[in-house]
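See structure below.
The values are calculated or read from the model by the stated rules, or taken from the named source; none is laboratory data. Here the structure is a predicted model, which is why all the values come from computation and not from measurement. Methodologically, a virtual Cβ is constructed for each residue, glycine included, from the backbone with ideal geometry; neighbour enumeration extends over all protein chains shown. Note: accessible area is taken over every heavy atom of the protein model, side chains too, but ligands, DNA and RNA are not part of it. Shrake-Rupley method; radii C 1.70, N 1.55, O 1.52, S 1.80 Å.
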Amino acid sequence: MIRYQGFGRVAAAALVVGCVMLGAPAKAQDVPEAHVQAARSAIAALGVTNGFDNILPGLSGRLKTQLIQAYPNLEDAITKTVDEQTLALAPRRGDLEKEAALVYAKAFTQEDLTRMAEFFTSETGKKLLKDQPIANRELGKAAEIWAAGVGRDLEKNANEALLKVVGTEMQTPAAATEAPKP
């Protein structure tokens, strides 16, 4: 299923990363387990941390490329070793899920989180997650067309109104830049 890929996901990711990076990670003992579970449900329903799934594979790929460039004759050994080590670290992805749940538990009430999870696991919520990026893209196109029309009309109306106010003193932009004729 396609998860929410619009602004909400980016904002949620920024919230998670920001809280962790700013040295304000929540402590499990500060938040009741039921509240953390509600946060986990909401995060899963929203797909908040799905964008982080490529972090470890990306790091692995970069490390392999770096090592293979330095030691091209060891490509097979490098690939095998880095892949093994990547798989060994994969369970640590759960640590990020825990941090995300704690951040959400600190940011939202248990009731809010439960309602979010209920909504975003409903058919309407799933449809919103799936179709909102498309709707946002189309809305962006409509806004561009609207802005072009409004801008054109603003310029036309302002020029006409100014001509009435200042009359012949107003020159067109092209005439203002032309050299005077002898």
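What to note about this one:
- The conditions of being modelled with pLDDT of 95 or more and either of a type in the set (Gly, Ala, Ser) or open to solvent by less than 30 Å² (accessible area, probe 1.4 Å) (or both) are not met by ALA28.
- LYS106 open to solvent by 70 Å² or more (accessible area, probe 1.4 Å), within 30 Å of LYS127 (Cβ to Cβ), basic (Lys, Arg) and out of contact with any Cys (no Cβ under 9 Å at 6 or more places or on another chain): no
- When the helices (runs of 4 or more DSSP H) confined to the range 67-174 are screened for residues that are aliphatic (A, V, I, L, M), over 21 Å from ASN54 (Cβ atoms) and under 33 Å from the mean Cα position of the chain (by Cα), those reaching at least 3 such residues are found at 93-107, 110-121, 123-166.
- The selection criterion, being under 23 Å from GLU33 (Cβ atoms), polar (S, T, N, Q), open to solvent by less than 50 Å² (accessible area, probe 1.4 Å) and without any contact (Cβ under 8 Å) to a residue 60 or more places away in the chain, holds for THR49.
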